[in-house]
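Colleague: This is the structure, below, for whatever I ask next.
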Amino acid sequence: MYNSTIPSQLKAWLDRLLVPGKTFTYSAKGPQGLAGSKRVIAVLSRGGVYGAGLPTAGGEYVEPILRAIFGLIGITNPEFIIAEGIRISPERGAQALAQALEAARALSVA
């Protein structure tokens, strides 16, 4: 997360991912995803802490944006690995990265 939003490079990638007629289509019922049952694993990092229940939680925009975009193309169950608080201190950063790596190792390779 850069300055409370997505990095411009990610925005550019998402713009290339959203292709009418290829990854989604419009119908009388609204947009319909064409990505099928693809698996998506997103790894997010944040300098601060924005977890649920914290006063800063409302400032986390990346996961909701990604959920909406993946949903548009038909991916309804994206998986997220989150490393947050990496800029609070070197110790906190190392702990957050270690937890994220452990979460990645624990992923099922289905």
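We did not get these values from a lab; they are worked out from the coordinates using the rules stated. Keep in mind it's a predicted model, so treat the numbers as computed, not measured. All Cβ positions, even for glycine, are placed from backbone atoms using ideal geometry, and neighbour counts span all protein chains on display.
Colleague: Can you tell me the alpha carbon radius of gyration of the chain divided by the globular rule-of-thumb value 2.2 N^0.38 Å?
Modeller: Rounded to two decimals, the normalised Rg is 1.21.
Colleague: Report the residue, chosen from S37, S45, S27, that carries the largest GNM mean-square fluctuation when the chain is represented by alpha-carbon nodes joined by springs under 10 Å.
Modeller: Of the options given, S27 has the highest mean-square fluctuation.
Colleague: Please report, in debye to the nearest 20, how large the charge dipole of the chain is about its Cα centre when each Lys and Arg carries +1 at its beta carbon and each Asp and Glu carries -1 there.
Modeller: The calculation lands at about 360 debye.
Colleague: For each of V62, V43, V49, count neighbouring Cβ atoms within 10 Å of the residue's Cβ, then give the residues from fewest to most.
Modeller: V43, V49, V62
Colleague: Still on this structure, please answer the following. Which Cα, out of P78, G53, L18, lies furthest along the positive dipole direction of region 8-105 (beta carbon charges, K/R +1, D/E -1)?
Modeller: The one lying farthest along the dipole's positive direction is L18.
Colleague: Oh, and also: Only bridges whose two residues both fall in the chain count here: according to DSSP, what percent of them are antiparallel, nearest 5?
Modeller: 40 percent
Colleague: State, to one decimal in nm, how far the label point of R87 lies from the label point of R39, with both points 7 Å from Cα in the Cβ direction.
Modeller: 3.3 nm
Colleague: Please turn the phi angles of region 39-50 into ³J(HN,Hα) values with the Karplus equation 6.51 cos²θ - 1.76 cosθ + 1.60 (θ = phi - 60°), one per residue in order, whole Hz, x for glycine and proline.
Modeller: Residue by residue, region 39-50 yields 9, 10, 10, 10, 10, 10, 10, 9, x, x, 10, 10 Hz.
Colleague: Just tell me which aspartates and glutamates come within less than 17 Å, Cα to Cα, of K11; anything on the same chain fewer than 8 places away is out.
Modeller: The qualifying aspartates and glutamates are E60, E63.
Colleague: What is region 26-90 by shape, rounded, prolate or oblate, if you read a ≥ b ≥ c off the alpha carbon gyration tensor as root eigenvalues and call it rounded for a/c under 1.5, prolate for a/b larger than b/c, and oblate otherwise?
Modeller: Prolate, because a/c is 1.5 or more and a/b exceeds b/c.
Colleague: When only C-alpha pairs under 8 Å and at least 6 residues apart count, what is the relative contact order of the chain, in percent?
Modeller: 28 percent
Colleague: Could you list which residues have their amide H under 5 Å from that of A42, counting only those 5 or more apart in sequence or on another chain, with H placed in the peptide plane?
Modeller: Amide H to amide H, under 5 Å and 5 or more residues apart or across chains, A42 pairs with E79, F80, I81.
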